[in-house]
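Have a look at the structure below, then the notes.
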Amino acid sequence: MAAKVDLSTSTDWKEAKSFLKGLSDKQREEHYFCKDFIKLKKIPTWKETAKGLTVKAEEPKYKKDKQLNEKISLFRGDITKLEVDAIVNAGEWGSWLP
């Protein structure tokens, strides 16, 4: 395990990453700034969300991808509380332009 790092004052991200990688999931949770985080497994996948819905719609433009539907989740809420490795937040297209 890497040497103990004070995550509240450390400015070296490589040192912090090395320290956190050496911890178990439970130990890592002790260092979270947010104590009411949301685990990914608590967010239903696209497939689970759509289960049981019967919507009359026109023929889909694209073929269904069952594997992909089991991986994608939609979340509405505070994304800073998610316990995930990456977040894709589409935002408004072009809003970043000057």
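Table for the structure above
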item	result
Selected residue [surrounded by 10 or more Cβ atoms within 10 Å (Cβ to Cβ), in contact with a strand residue (DSSP E or B) (Cβ under 9 Å, 6 or more places away or on another chain) and either outside the structural domain of LYS71 (by TED's automatic domain parsing) or among the acidic types (Asp, Glu) (or both)] from GLU29, GLU15	GLU29
Failed item, numbered, when LYS64 is tested on (1) within 28 Å of ARG76 (Cα to Cα); (2) not assigned by TED's automatic domain parsing to the domain that holds LEU74	(2)
Top-ranked residue of segment 11-37 - restricted to ones that are over 16 Å from ASP85 (Cα atoms) and of a type in the set (S, T, N, Q), ranked as modelled with the lowest pLDDT	THR11
Contacts under 8 angstrom Cβ, first residue in segment 57-82 being within 13 Å of LEU40 (Cα to Cα) and of a type in the set (Phe, Trp, Tyr), partner assigned to a loop (DSSP other than H, G, I, E, B) and at pLDDT 85 or above, 6 or more apart	PHE75/ILE43
In segment 70-98, residue modelled with the lowest pLDDT [restricted to those that are touching a Lys or Arg at 6+ places or on another chain (Cβ under 9 Å) and not in a loop (DSSP other than H, G, I, E, B)]	GLU83
Boolean, TRP46 is among the aromatic types (Phe, Trp, Tyr) and either in the same structural domain as GLU70 (by TED's automatic domain parsing) or surrounded by 10 or more Cβ atoms within 10 Å (Cβ to Cβ) (or both)	yes
Filtered residues of segment 1-12 (kept if surrounded by 10 or more Cβ atoms within 10 Å (Cβ to Cβ) and either assigned by TED's automatic domain parsing to the domain that holds GLU70 or of a type in the set (Ser, Thr, Tyr) (or both))	SER10
Only listed residue being exposed (fewer than 12 other Cβ atoms within 10 Å of the Cβ), of a type outside the set (Asp, Glu) and not in a helix (DSSP H, G or I), chosen from LYS56, LYS41	LYS56
Test: residue in segment 55-68 that is in contact with a Leu (Cβ under 7 Å, 6 or more places away or on another chain) and at pLDDT below 85	no
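The values are calculated or read from the model by the stated rules, or taken from the named source; none is laboratory data. Worth saying up front: this structure is predicted, and the values here are computed from it rather than measured. A quick note on method: Cβ atoms are made from the backbone with ideal geometry, for glycine too, and the neighbour counts reach across all protein chains shown.
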